[in-house]
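The values are calculated or read from the model by the stated rules, or taken from the named source; none is laboratory data. All of these numbers come straight from a predicted model, not from anything done at the bench. Glycine gets a Cβ as well: all are built from the backbone with ideal geometry, and neighbour counts include every protein chain shown. The protein model used for the area step is the full one, side chains on, heavy atoms only, and it has no ligands, DNA or RNA in it. Shrake-Rupley method; radii C 1.70, N 1.55, O 1.52, S 1.80 Å.
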Amino acid sequence: AERYSNTLLNGVELPSPEPQKKIVPLDIFPSSLLESIVVSKTGTPDKPGDFAGGSVEVATKEFPNTAVADVSVNTGYNSVATLRRFSHIPQRGVDFLGFDAGGRRQPPSPLPATGDATVTNEAFAERLRDVWTPTPRPIAPNLGGAANLGGRLGSERVPLGYVLSLTYNRQTDATPNRFFQNVFLPNGLAENTQTVAQAITQVDLGGIANFTVRLGGSHKIGWKNVYTRSSEELVSTGTGFAPANGQDVERRIHQVRYITRTLLQSQLSGDHLLGWLFGSRLEWKATAAAARRDEPENRALLYQRSSTDSVFQMFPNLPGSAFWFRYLRDDIRIGQVDWSTPVAKVLPDGALFKVGALAKDRFRSFDGNLFTTNLDGVPAGSPWLRLPPEQIFTPELLGGSLLRIRRDGARTLPYEAQDNLRAWYGMLDVPIRPWLRLVAGARQEAWALDIYNVRRDTLPPAQTRRNTDLLPSANLTIRVGERQNVRLAAYQTVARPDPREVTTDAYEAVAGDCSNVGNPALQRTTIRNVDARWERYPRAGEIMSVSAFSKAFTDPIVEFLGTDAGNCYIRPANAPSARLTGAEFELRRGLTFLPGRLSRLSAGVNVTLVRSAATARINDDTSRTLRLQGQSDRLVNLSLLYALPSGFEFTLLGNYFSDRIVRYGDVLTGVQVRVVDDVVEQGRFTLDAKLRHRVGRATFSLSARNLTDNEIRLTQRSDNGLLTVGYLRPGINVSLGVGYALR
């Protein structure tokens, strides 16, 4: 799962605006300005130790070899959404750039108070944006563009390298029949079933500004900056069934949600060759980052009707409508230093000794409010209850005590968190023999987490975590031929929960679905890893390899279903242990044996076979063994590349993963346990293709994603057979782009 991976940008871990996602979108980095993307599957002491699956390190160019100046535009089509009529809010003004043009925000104070007897604050309620069911209109094609500039200035001795980039993308995804249901009984009866027609408009804006100066041949100073911003607006109408008062009633839920995510990182770095100090090298980085996740509106209105009703209405005794306002802010400061020196006088020639330290201070502030509606003051059978959503918030209903809005002080819980990390390491890189190399050492990471409750009258005491982990590692490379190696590795890593997951905060992203809640008892995970790999490099860019690996998890973080007072939730928890073993096969070859132009063809295949077992404890007396959540047993990646010197390229990419558990199905209801089966994402195969052709300074591209038009399907077994509990068909995406090199 994503929590067991990380992303490094120029040697520093990027923060993520999403609490449960550690993967940063890589499409903000233009390929022409990238130096490298390195995926590390084994740990070394000089890298952060909070991963198990892999660490992706992105390095941007400092001194482009040639001047870069190009612009591009693209447009896209989605087979499910584009040119079809959906209810969505048209953008205006700065909405096109991912900024709120106005109206999507929590009304100012005074806010309604908590408690059932609270009469609505009429001024507050009248300022809530009253848009629920926009007129259906055709969805416009996707639109995007980019501009890149890079090069170097100054003399050969003191050159200044610069890299500038700006990217923009706007798209609207829609589906007329997204389906989900929550099953909590072994007989397959659902507590909530819903089919949703929705449209999501997303705007992505990104920029890079890097400047590097080399002072002679021994010193280099860099200033690197990255900015990303995305906005997402959802409009949906869901219909389904849910139990109420002993019978199934039909429900209709209208929801509008707007989210913005921003990330800004600025880094000052230095690289110095110290010939006077044993020929050593000193590298340092000072990084400041700020991540934001603002949700200025997430509102829903609930209607329902029983079998005896002919129309939908809001029921006076059913407070099912809600207004969420949530704001998350992360500020991170990182300082790190690495010093390495040759030690050939003590160890064999080529040996290197390296030490370093890192200090990371992360401050998080979260604030939010949840408001619910109550219609107890409206007489039963009143025609007001049958009004469409846009006519509910009127002075007639808001005045007096008919429609009441109160603040829920129990589910949205503001907090502040101080999340600090201190790390230091030492390692040796020793060529023991010409055919034998050892990289070994240890890293120690001290983690301190303090969570302070803002509303101390309604929250438990602050949460505290103190963990100091020694993370040893050893990598042995045995050269068995001119182009062959055998690699052996053993290392320890960790996986830490996000601060939000340690609070008791609850959040319902999709109206009618289960809430995500935190767990104050959540602990960090430790992982012991062992790898073995044989690899052969026939020619440059080609590889043949076979790997085997084993990972032992202590306290792995997984997710369970639960219910409370008839409401379902998804909660992270620690399973006692888990073990994962597997093998990986990889082949990348140029097909030079083919005649003529077909010899320009190259192919690649990567197959991973995994067996996982986790011990999931339901309570002190009950546990069961099952696959590790989020892990597929089989993964296959295929690639086919055809390239000509004339500038024509064709790429075909295939990906397959087998079934994987999305969340465990053990349902906790107080002290009782209702064991239902796990929610499983069905495996699928996807096929992507891209064609690119260069004509002079112009480049034309045509790409397609999900050519197999696969659906995303979640299933759950019951006594009545295999049930579909989630369904979404994202459609086929086709994009046409044109780029032009200005120089």
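Exactly one condition in (1) at pLDDT below 90; (2) closer than 30 Å to Asn148 by Cα; (3) more than 24 Å from the chain's Cα centre (by Cα); (4) among the aliphatic types (A, V, I, L, M) is not met by Leu185; state its number.
(2)
Scan the stretch 270-283 and tell me whether some residue there is assigned to a strand (DSSP E or B) and either within 19 Å of the chain's Cα centre (by Cα) or closer than 25 Å to Glu390 by Cα (or both).
Just the residues of the stretch 270-283 that are assigned to a strand (DSSP E or B), to begin with: 270-274, 280-283.
Narrowing further to those that are either within 19 Å of the chain's Cα centre (by Cα) or closer than 25 Å to Glu390 by Cα (or both): none.
No, that holds for no residue.
Which pairs turn up if I take residues in the stretch 334-360 that are more than 28 Å from Asp50 (Cα to Cα) and look for partners that are aromatic (Phe, Trp, Tyr) and in a strand (DSSP E or B) with beta carbon separation below 6 Å, at least 6 apart in sequence or on another chain?
From residues that are more than 28 Å from Asp50 (Cα to Cα), the pairs are Val343/Phe353.
Every residue, every condition in (1) under 29 Å from Arg105 (Cα atoms); (2) open to solvent by less than 20 Å² (accessible area, probe 1.4 Å); (3) modelled with pLDDT of 90 or more, yes or no:
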residue	(1), (2), (3)
Lys220	no, no, yes
Asn225	no, no, yes
Ser231	yes, yes, yes
Thr237	yes, no, yes
Gln247	no, no, no
Arg251	yes, no, no
His254	yes, yes, yes
Leu274	no, no, yes
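With in contact with a Phe, Trp or Tyr (Cβ under 6 Å, 6 or more places away or on another chain) and modelled with pLDDT under 95 as the only criterion, which of Tyr664, Tyr656 stands out? Lay out the reasoning, then the answer.
Details: Tyr656 fails: modelled with pLDDT under 95.
When all the criteria are applied, what remains is Tyr664.
Can you find even one residue in the stretch 49-58 that is crowded, with 18+ Cβ neighbours inside 10 Å and either over 26 Å from Arg496 (Cα atoms) or of a type in the set (Lys, Arg) (or both)?
no
From the list Pro383, Pro395, exactly one residue is open to solvent by 20 Å² or more (accessible area, probe 1.4 Å), closer than 26 Å to Gln255 by Cβ and without any contact (Cβ under 8 Å) to a residue 24 or more places away in the chain. Which is it? Walk me through how you get there before you give the answer.
On the way: Pro395 fails: without any contact (Cβ under 8 Å) to a residue 24 or more places away in the chain.
The unique qualifying residue is Pro383.
Output the residues belonging to the stretch 501-550 that are modelled with pLDDT of 90 or more and more than 30 Å from Pro472 (Cα to Cα).
Matches in the stretch 501-550: Pro538, Glu542.
Can you name the residue in the stretch 551-609 that is among the acidic types (Asp, Glu) and at pLDDT 90 or above and, of all such residues, is least open to solvent (accessible area, probe 1.4 Å)? Let's see the steps before the verdict.
First, pick out the residues of the stretch 551-609 that are among the acidic types (Asp, Glu): 555, 559, 564, 584, 586.
Cutting the leftovers down to at pLDDT 90 or above gives us 555, 584, 586.
Values: Asp555: 53, Glu584: 15, Glu586: 40 Å².
Among them, the one singled out is Glu584.
Tell me yes or no: at least one residue of the stretch 732-743 is out of contact with any helix residue (DSSP H, G or I) (no Cβ under 6 Å at 6 or more places or on another chain), farther than 30 Å from Gly238 by Cα, at pLDDT below 95 and among the hydrophobic types (A, V, I, L, M, F, W, C).
So far as the stretch 732-743 goes, yes, one or more of its residues are out of contact with any helix residue (DSSP H, G or I) (no Cβ under 6 Å at 6 or more places or on another chain), farther than 30 Å from Gly238 by Cα, at pLDDT below 95 and among the hydrophobic types (A, V, I, L, M, F, W, C).
Starting from the stretch 533-548, take each residue that is in contact (Cβ under 8 Å) with a residue 40 or more places away in the chain and on the phi > 0 side of the Ramachandran plot and list its partners that are basic (Lys, Arg) and not in a strand (DSSP E or B), counting only C-beta distances under 7 angstrom and pairs at least six apart or across chains.
Close Cβ pairs satisfying both conditions: none exist.
On the basis of being more than 22 Å from Leu736 (Cα to Cα), assigned to a strand (DSSP E or B) and at pLDDT 85 or above, does Glu62 make the cut?
Working: more than 22 Å from Leu736 (Cα to Cα): yes; assigned to a strand (DSSP E or B): no; at pLDDT 85 or above: yes.
It is false that Glu62 is more than 22 Å from Leu736 (Cα to Cα), assigned to a strand (DSSP E or B) and at pLDDT 85 or above.
In this structure, does Ala81 turn out to be touching a residue at least 24 places away in the same chain (Cβ under 8 Å), closer than 30 Å to Tyr258 by Cα, of a type in the set (A, V, I, L, M, F, W, C) and buried (at least 19 other Cβ atoms within 10 Å of the Cβ)? Lay out the reasoning, then the answer.
Details: touching a residue at least 24 places away in the same chain (Cβ under 8 Å): yes; closer than 30 Å to Tyr258 by Cα: yes; of a type in the set (A, V, I, L, M, F, W, C): yes; buried (at least 19 other Cβ atoms within 10 Å of the Cβ): yes.
Answer is yes for this residue.
Pull out all pairs, ordered by first then second residue, where Cβ-Cβ is under 7 Å, the residues are six or more apart or on different chains, the first lies in the stretch 425-451 and is under 25 Å from Arg483 (Cβ atoms), and the second is open to solvent by 30 Å² or more (accessible area, probe 1.4 Å) and outside any strand (DSSP E or B).
These pairs meet every condition: Val430/Leu347; Val430/Pro348; Pro431/Pro348; Pro431/Gly350; Ile432/Pro348; Val439/Thr44.
With Phe315, Phe278 as the choices, which residue is at positive phi and either modelled with pLDDT under 90 or surrounded by fewer than 17 Cβ atoms within 10 Å (Cβ to Cβ) (or both)?
Working: Phe315 fails: at positive phi.
After applying the criteria, what remains is Phe278.
Across the stretch 488-502, what is the total count of residues that are in a loop (DSSP other than H, G, I, E, B) and open to solvent by 10 Å² or more (accessible area, probe 1.4 Å)? Spell out how you get there, then give the answer.
Of all residues in the stretch 488-502, those in a loop (DSSP other than H, G, I, E, B) come to 496-498.
Keeping just the survivors that are open to solvent by 10 Å² or more (accessible area, probe 1.4 Å) gives 496, 498.
Matching residues across the stretch 488-502 total 2.
Looking only at the stretch 72-96, count every residue that is closer than 22 Å to Gln198 by Cα and assigned to a helix (DSSP H, G or I) and tell me the total.
2
Go through Val671, Val676, Val695 for me and flag whichever is surrounded by fewer than 19 Cβ atoms within 10 Å (Cβ to Cβ) and at pLDDT below 90. Please lay out each step first, then the result.
Numbers: Val676 fails: surrounded by fewer than 19 Cβ atoms within 10 Å (Cβ to Cβ); Val695 fails: at pLDDT below 90.
Residue meeting the stated conditions: Val671.
Identify, please: which residue in the stretch 84-101 is modelled with pLDDT of 90 or more and farther than 14 Å from Leu234 by Cα and is, among those, surrounded by the fewest Cβ atoms within 10 Å (Cβ to Cβ)?
Filtering the stretch 84-101 for residues that are modelled with pLDDT of 90 or more and farther than 14 Å from Leu234 by Cα, the one surrounded by the fewest Cβ atoms within 10 Å (Cβ to Cβ) comes out as Arg85.
Check off (1) modelled with pLDDT of 90 or more; (2) buried (at least 19 other Cβ atoms within 10 Å of the Cβ); (3) of a type in the set (A, V, I, L, M, F, W, C); (4) farther than 30 Å from Phe560 by Cβ for Ile259 and give me the number that stays unchecked.
Only one criterion in (1) modelled with pLDDT of 90 or more; (2) buried (at least 19 other Cβ atoms within 10 Å of the Cβ); (3) of a type in the set (A, V, I, L, M, F, W, C); (4) farther than 30 Å from Phe560 by Cβ is unmet by Ile259, namely (4).
Select from the stretch 1-45 the residues that are open to solvent by 30 Å² or more (accessible area, probe 1.4 Å), modelled with pLDDT under 75 and within 19 Å of Gln265 (Cα to Cα) and list them in ascending order.
Hits for the stretch 1-45 are Glu18, Lys21, Lys22, Ile23, Pro25, Leu26, Asp27.
Output the residues belonging to the stretch 517-531 that are open to solvent by less than 40 Å² (accessible area, probe 1.4 Å) and not in a loop (DSSP other than H, G, I, E, B).
Val517, Thr525, Thr526, Ile527, Asn529, Asp531
Could you list, in sequence order, all residues of the stretch 402-427 that are in contact with a Leu (Cβ under 7 Å, 6 or more places away or on another chain), modelled with pLDDT of 95 or more and open to solvent by 30 Å² or more (accessible area, probe 1.4 Å)?
Within the stretch 402-427, none qualify.
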